[in-house]
Amino acid sequence: MSPFAIAALAFSMSVDAFVVSVGRGAALGRPRYSEALRTGAVFGIVEAATPIIGWTAGIAASSLLEAVDHWIAFGLLGAVGLHMLWAALHRSADAEPPKASLPVLIATAIGTSLDAMAVGVSLAFFDVNILVIALAIGLATFVMSSGGMLMGRLISERWGRIAEVLAGVTLIGIGVSILVHHLRG
């Protein structure tokens, strides 16, 4: 795989994490830089691990993984998206921004990274260096998620609730899209 193809793959796998991070940064009000780095690290580590897991599963038993990955992604992304919607729509205007929960962050990272696992499964059938690809995906996701949190920070005061609603809807949409794509074909 060429360096350009690896970079394109890495950034395309990071887009959903970026969108969620913008919404998260907006929802948290004015998250600190340490929170942006923590979010980027969690998303980056999970996003780097999932193609390796997928690649390993693809070598071992891709048909078993493919039978349930779309349901897992749909469930995780749908639940986190609904939680974000509920929180955005039921928080009073003068309420403090929600605290960043590590379990919710990890669940979101897993939900947004299942597409990278599917990519890992497909890469098992090609002669590629999965470690280089996984590191590129993890690094791109770290940069984009951290940047997304900081971007969310900039828009939080005026657009925070709207961004949180959009992020929740986006997560639900990604989950539905994954489910529909796998059920159709």
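Here are the numbers:
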item	result
Matching residues, region 6-26, being within 16 Å of SER122 (Cα to Cα) and buried (at least 21 other Cβ atoms within 10 Å of the Cβ)	ALA10, MET13
Test: residue in region 103-117 that is surrounded by 14 or more Cβ atoms within 10 Å (Cβ to Cβ), modelled with pLDDT under 80 and more than 24 Å from ALA10 (Cβ to Cβ)	no
Members of region 21-35 found to be touching a residue at least 24 places away in the same chain (Cβ under 8 Å), not aliphatic (A, V, I, L, M) and not in a loop (DSSP other than H, G, I, E, B), listed by number	SER21, GLY23, ARG24, GLY25, TYR33, GLU35
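The values are calculated or read from the model by the stated rules, or taken from the named source; none is laboratory data. Everything quoted here is computed from the prediction, not taken from an experiment. Neighbour counts run over all protein chains shown; Cβ positions are idealised from the backbone, glycine included.
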